[in-house]
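See structure below.
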Amino acid sequence: MKIGIGNDHIALDMKKQITEYLESKGYEIINYGTDSYERFDYPISGEAVAGAVVSGEVDCGILICGTGVGISISANKVNGIRACVCSEPYSARLSKLHNNTNILAFGSRVIGIELAKMIVDEWLAAEFEGGRHQKRIDMVKEIEEKQKNIMGGFYIS
Ligand code: RB5
């Protein structure tokens, strides 16, 4: 499985640790984040990983910034992305079972590396349950479709 990873300057160390951890488990990791401690704007890597996921360049994505918030908001602006910030494994697992998330985000200032690994493991192991949850995902998709009809500042539903 190919995983796209992205980060800002705050999350550089955690990005490296998660990359090493996943590579040791046999995953292929493609890096879309910064490798510098210089200030780096999180929307850049949020959008890059999101684009790689929707184009099929990678199977899914992992995004890390200080809180996981800014970078996941950025990714969620890309059509087809369902990214969520998780600070514990339960939400990570359920986000896959029920919401079929294709990007997992977390914050390097919020959780430690061992919890981050546990969250990643739980998320990667979980599988979308489909069924009644598919209908709701389709409804989310419809919201995206409606957004495409916004013209000249007017919302056409
Ligand atoms: C960077 O200072 C910080 O705002 C960023 O890492 C993240 O927490 C944003 O959501």
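Derivation of every value follows stated rules applied to the coordinates shown; laboratory data play no part. Only a predicted model underlies this, so the values are computations on that prediction, with no experimental measurement involved. So basically every Cβ, Gly included, is an ideal-geometry build from the backbone, and we count neighbours across all protein chains shown.
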Looking at residue 95, is it out of contact with any Gly (no Cβ under 8 Å at 6 or more places or on another chain), under 21 Å from residue 51 (Cα atoms) and among the hydroxyl-bearing types (Ser, Thr, Tyr)? yes
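Among the residues of the range 103-121, is any polar (S, T, N, Q) and surrounded by fewer than 17 Cβ atoms within 10 Å (Cβ to Cβ)?
Among the residues of the range 103-121, not one is polar (S, T, N, Q) and surrounded by fewer than 17 Cβ atoms within 10 Å (Cβ to Cβ), which makes the answer no.
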Any chance the range 14-22 includes a residue that's under 18 Å from residue 126 (Cβ atoms), in contact (Cβ under 8 Å) with a residue 60 or more places away in the chain, away from the ligand (no atom under 15 Å from the Cβ) and of a type in the set (Ser, Thr, Tyr)? yes
Out of (1) part of a helix (DSSP H, G or I); (2) within 14 Å of the ligand (Cβ to nearest atom), what's the single condition that is false for residue 117? (2)
Taking the range 91-113 on its own, how many of its residues are more than 13 Å from the ligand (Cβ to nearest atom) and either under 12 Å from the mean Cα position of the chain (by Cα) or of a type in the set (S, T, N, Q) (or both)? 10
Qualifying residues in the range 58-90 (those that are part of a helix (DSSP H, G or I) and not hydroxyl-bearing (Ser, Thr, Tyr)) - the one farthest from the ligand (Cβ to nearest atom): 89
Determine which member of the set 142, 127 is surrounded by fewer than 16 Cβ atoms within 10 Å (Cβ to Cβ) and part of a helix (DSSP H, G or I). 142
The conditions are (1) away from the ligand (no atom under 14 Å from the Cβ); (2) closer than 24 Å to residue 137 by Cβ; (3) part of a loop (DSSP other than H, G, I, E, B), and residue 52 fails exactly one of them. Which is it? (3)
Check on residue 33, within 11 Å of the ligand (Cβ to nearest atom) and closer than 20 Å to residue 117 by Cα: no
